[in-house]
Amino acid sequence: MENRTYTADAEPGDDVTVAGWAHELRDLGGIAFLILRDKTGKIQVKFAKDEMDDDLVETGTGVSRESVVKVVGHVEEEPRAPTGVEVVPESVEVVAPADPELPLDPSGKVGAELPTRLDNRTLDLRRDEPKAVFEIRAEILRAVREYFREVDATEINTPKIVATGTEGGTELFPITYFGEEAFMNQSPQLFKQLMVGSGLERVFEIGPIFRAEEHNTPRHLNEATSIDFESAFADHREAMDVCEGAVRAAYEAVAENCAAELEVLGLDDEFEVPEEAFPRLSYEEAIERINATGELDDQLVWGDDLPTEGEKALGRDVGGHYFITDWPSEIKPFYIKDHDDDSALSTGFDMMHPRMELVSGGQREHRHDQLVAGFEQQGLDPESFEYYTKMFRYGMPPHAGFGLGGERLVMTMLGLDNIREAVLFPRDRQRLSP
Ligand code: ATP
Ligand code: AMO
């Protein structure tokens, strides 16, 4: 809109055009106030009934809550106004009226359950708290992107419609692709590996992954945002360094650039950038420490995957972000390389927040014959992956990387109870629209 002034920028003495939503109407008899809200804040518009044009007063005071309104007027200092200034209107236009019955109250006075909020995200994000979450999410993604560029990685975009899965066959969404069976991609894993063998050498991708997870939990989505990194001539240790750097860069950016949003979320006092290096525990140490907490009914033994309760017990014990390294080879995927001196131990790692896993990664098997053998061991047909394995015959450097769950990063950073609060339009067992 031409000449539009954000409410936060309206200074006494200015002639302005402000536009936004009718947040609240207060009619005190001789005087009425319309509180107009835009993305920067709110401003009071004054209607002195005896002094102003009747039509103007009628329009301004008759507007229904959440209608879109445009006001042209003069800004004056007014200590009694919520922001210390008010607009004395010359004209008021209802640009888009709102039904008087709203499915959700954007003023926040009446609370709403998460499903109602998710059904009405447009109205939900007129509230300060959800809006702050998504402003912070955008800042996290900006910071991570910038960090990857600083460490010389090139952003890539890989297909989301694919012929084969990589992260376990049962979690695939099948689709029909011109009469043939295809799938929504679970991970850019194979494509990012193919690109480290290209002239790009070091790549990252921030994009959707699709997983047909049957269960309904507060930390799983069926469509999630994966932050993937992969680098030629790197080992798992270097991948962990980059992973830690990316997460720290995200926290630093939020601390530096999102003070107002953190305050809205009530986190301004407690928000901490992780300063210490993330401890690196071996899988063996991890199960010993979990067993020592005594919080599990059954003791864990070598080869067990870590149960959720075990992860939580260990998280409380460690108290911050940490890595789990040296996993048993048998519970890591075929593309993860084993240690050269012990084939029962893999170079795979997870990076954990005390509440949950955030990252999986590792050094990759870059030797063609060993890679093909790994497929067979995992019961996968190497022939259907020939587009991938073939490139390992033409000079594939040693490489390593990781995948970081974007929503889980937002969720754990902001202490959100449910991962759905970190996605605009979550996909889960119950939810396919909006
Ligand atoms: P005015 O002479 O501006 O019309 P008033 O006090 O005679 O002011 P009232 O209708 O009696 O008008 O005001 C009702 C209430 O609104 C009073 O408590 C007053 O303090 C408050 N009020 C008046 N003007 C403003 C303003 N511009 N911003 C905030 N509160 C105001
Ligand atoms: P993994 O399957 O562990 O590893 O996924 C990596 C990270 O992505 C996030 N994530 C999810 N978040 C929400 N809902 C889901 N359903 C979901 N699934 C995964 C988690 C998880 O830690 N190819 C490997 C990565 C690699 O080795 O580079 C992979 O996909 O935060």
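None of the figures in this text is laboratory data; all of them are computed from the coordinates on show. On a predicted model such as this, the values are computed, not experimentally measured, just so you know. No Cβ is skipped: glycine too gets one built from the backbone with ideal geometry, and neighbour counts run over all protein chains shown.
Here are a few things to note about the model shown:
- Normalised by residue number, the volume inside the convex hull of the Cα atoms of the stretch 303-434 is 163 Å³ per residue.
- Over the chain: helical MRE at 222 nm, DSSP H runs n ≥ 4 each giving -39500 (n - 2.57), nearest 500: -8500 deg cm²/dmol
- Separation in nanometres of the label points that stand 7 Å from Cα toward Cβ, at ASP27 and GLU238: 7.1 nm
- Note, ³J(HN,Hα) from phi for the stretch 99-115, Karplus 6.51, -1.76, 1.60, rounded to Hz, x at Gly and Pro: 4, x, 8, 10, x, 8, 8, x, 6, x, 5, 9, x, 9, 6, 4, x
- The stretch 197-348 - Kirkwood radius from inverse mean 1/r over Cα pairs (Å): 18.3 Å
- At an R0 of 25 angstrom, the distance between the Cβ atoms of GLU214 and LEU114 translates into a FRET efficiency of 0.75.
- Ascending count of other beta-carbon atoms within 10 Å, so fewest first, for VAL133, VAL72: VAL72, VAL133
- Working note: Karplus 6.51/-1.76/1.60 with θ = phi - 60° gives the stretch 57-72 the couplings 4, 5, 4, x, 9, x, 6, 7, 4, 6, 5, 8, 10, 10, 10, 10 Hz, where Gly and Pro are set to x.
- For the stretch 264-278, 3J(HN,Hα) per residue [Karplus equation, 6.51 cos²θ - 1.76 cosθ + 1.60, θ = phi - 60°, Hz, x = Gly/Pro]: 4, 7, x, 10, 4, 7, 9, 5, 10, 7, x, 8, 6, 4, 5
- Full-stretch length increase - ASP54, SER67 - with 0.36 nm per residue and alpha-carbon distance subtracted: 2.7 nm
- For q = 0.13 Å⁻¹, Debye-computed log10 I/I(0) when each Cα of the chain counts as one equal scatterer: -1.13
- Note on the stretch 342-406 and the stretch 136-204: Cα centroid distance 14 Å, given to the nearest whole angstrom.
- Full extension of the chain between ALA344 and GLU285 yields a length gain of 19.6 nm, computed as 0.36 nm times the residue separation minus the alpha carbon distance.
- ASP99 versus ASP305: modelled label distance in nm, points set 7 Å from Cα along the beta carbon direction: 4.4 nm
- Spin-label zone in the stretch 405-434 - amide nitrogen under 17 Å from a point set 7 Å from the Cα of VAL273 along the C-beta vector: 413-414
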